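The values are calculated or read from the model by the stated rules, or taken from the named source; none is laboratory data. Keep in mind it's a predicted model, so treat the numbers as computed, not measured. Cβ: placed from backbone, ideal geometry, glycine included. Neighbour counts: every protein chain shown.
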Amino acid sequence: MATLGNRAGRRALSRREFLRLGAGGLASAVLLGGVGCSGEGQSGMAPVRLTFSHGPDESGTFRQQVEEFNRLHAGEIEVRYREMPADTGQYYEQLRTEFQAGGGEIDVISGDVTWPARFAAQGWISDLSEFFTRGAREQYLPYTIESNTYEDAVYGVPWFTDAGMLYYRKDLLEDSGFSDPPGTWDELKEQARKVQRDSGTQYGFVFQGADYEGGVVNGLEYVWTSGGDVLDPRDPDEVVVGSEQALEGLRTEQSMVTDGVAPKAVSSYKELESYTVFGDGDAVFMRNWPFAYALSTDPTQSRIRPEQVGIVTLPVIAEGVRTYSGLGGWNLFINTASGNRDAAWTFIQYLSAPEQQRTRALRGSYLPTLETLYEDDEVLETVPILALGREAIQSARPRPSSPSYPEMSLKMSEQFNALVRGVSSPEQVTSTLQAEIANIVEQGGEPRSEVESIP
């Protein structure tokens, strides 16, 4: 990945070289076949005590795994689970306050997929690339590694993942004579209109158009599935959101409302509002995350039956254009200020191992990041979204990788919402974002504010 500007590149490189020197002993241990605790917790010595941060654990799965790790490493390593706010923005602000005050007490951090670049650029998390080896990385879904990469170094280990998907009413499409779901956005409009006429379904399509991070991801998906982008993947200093491809994508998004396929209310819809309409049987199509499938199989949450629901990748602007969906999920980082990196890496290896990822999938329906688990019969049977939505999961891509992504996101959130509300034209939105994001990239530096995150 190219650097994000000479000034930022020199700063990050210097810091990364320093961190690599500090992690040298650990890297050597891994290359020799595994990481121990470098004498920590040996007989007669107190165990190494680690703090692990994550949000509320409603399923209890994460706490159980921490407890199991502590049993396996009794007398050597002891991990304390520190519960952080459920709101990702509040979680981030707590971490940033501690980092700026000297690092804080947390050793292993669970973090949102949008965090690696901004944390790495500030030197808050350790470069793991020398001991998270290339061979180990190849076992993961490729885009989950990409989301943890900043300036050619890897700063996190993928923990669980998420991706945007197109849900549709199989029964209604079949009744209207459609044998396959739409492959293009125009086909979606065509099918939605006919099904609405034939069945009396109130809405053709619902998605997340509110002024928040989920609305940003939806807008990006229209840009991506039209062949556009925000930053040039070959040169992240180059802003390309003003391109014709991006413009076409945003024209498509706005047309969903102006053509009457989606209700005007989508400008205020988040995930649950979208699902409520779809789950009540009032929409033919819905863009949402994998959690929505679990709701559709729960008779207390849905008026439609599971067998009536189909899942497919998001449509594209035209045949031949590659489909993409927005990436969600969480990663595992080591705090640069931690004095227990060997033990911290041992804990990360445990949490990210196949057995633990498998358990989380079976007990909590968390989507694994390891390729092999998408071939596990029990996992596929227990968590059917992995099979039904596999193609969409494999087509996911991260949001723009930049230390200033929060500032970019705030601008995109505002502009994409104005687009869906019809108060700004696609031309106005792309022109505004081209200028504002170019200014953000040029300024660089620490983001001034944080945005709400999504799954």
Picked from the range 341-385 (must be at pLDDT 95 or above and in a loop (DSSP other than H, G, I, E, B)), the residue surrounded by the fewest Cβ atoms within 10 Å (Cβ to Cβ) is 353
Scanning the range 307-323 residue by residue, the ones that are assigned to a helix (DSSP H, G or I) and surrounded by 14 or more Cβ atoms within 10 Å (Cβ to Cβ) total 1
Which one of the conditions (1) under 18 Å from the mean Cα position of the chain (by Cα); (2) of a type outside the set (Lys, Arg); (3) within 30 Å of residue 59 (Cα to Cα) does residue 413 fail to meet, given that it meets all the rest? (3)
Kindly indicate whether any position in the range 280-294 is surrounded by fewer than 24 Cβ atoms within 10 Å (Cβ to Cβ), modelled with pLDDT of 95 or more and under 18 Å from residue 387 (Cα atoms). no
Per-region count, the range 121-135, residues touching a Lys or Arg at 6+ places or on another chain (Cβ under 8 Å) and either of a type in the set (S, T, N, Q) or in a helix (DSSP H, G or I) (or both): 2
Exclusive hit being surrounded by fewer than 22 Cβ atoms within 10 Å (Cβ to Cβ) and under 23 Å from residue 366 (Cβ atoms), set 142, 116, 158: 142
Quick one: would you say residue 164 is in contact with a Phe, Trp or Tyr (Cβ under 8 Å, 6 or more places away or on another chain), under 26 Å from residue 347 (Cβ atoms) and buried (at least 24 other Cβ atoms within 10 Å of the Cβ)? no
Residue 302 passes all but one of (1) assigned by TED's automatic domain parsing to the domain that holds residue 214; (2) at pLDDT 95 or above; which number fails? (2)
So, residue 244, is that one of a type in the set (D, E, K, R), on the phi < 0 side of the Ramachandran plot, modelled with pLDDT of 95 or more and surrounded by fewer than 15 Cβ atoms within 10 Å (Cβ to Cβ) or not? yes
The range 189-241, residues that are farther than 26 Å from residue 152 by Cα and in a strand (DSSP E or B): 203, 204, 205, 206
Of the residues 391, 407, 355, which is more than 29 Å from residue 90 (Cβ to Cβ) and within 20 Å of the chain's Cα centre (by Cα)? 391
So residue 276 fits all but one of (1) free of Cβ contacts under 8 Å to residues at least 24 places away in the same chain; (2) buried (at least 19 other Cβ atoms within 10 Å of the Cβ); what number is the exception? (2)
Does the range 96-120 hold any residues that are farther than 17 Å from residue 341 by Cα, within 19 Å of the chain's Cα centre (by Cα) and among the aliphatic types (A, V, I, L, M), and which are they? 113, 117
Qualifying positions in the range 79-95 - outside any loop (DSSP other than H, G, I, E, B) and surrounded by fewer than 18 Cβ atoms within 10 Å (Cβ to Cβ): 80, 81, 82, 83, 89, 90, 93, 94
Looking at the structure I just gave you, is residue 335 within 24 Å of residue 396 (Cα to Cα), at pLDDT 95 or above and of a type outside the set (D, E, K, R)? no
Against the conditions (1) touching a Ser or Thr at 6+ places or on another chain (Cβ under 7 Å); (2) of a type outside the set (D, E, K, R); (3) assigned to a helix (DSSP H, G or I), where does residue 265 fall short? Just the number, please. (1)
When the range 160-180 is checked residue by residue, the ones that are out of contact with any Ser or Thr (no Cβ under 6 Å at 6 or more places or on another chain) and outside any helix (DSSP H, G or I) are 160, 162, 165, 166, 167, 168, 169, 176, 177, 178, 179, 180
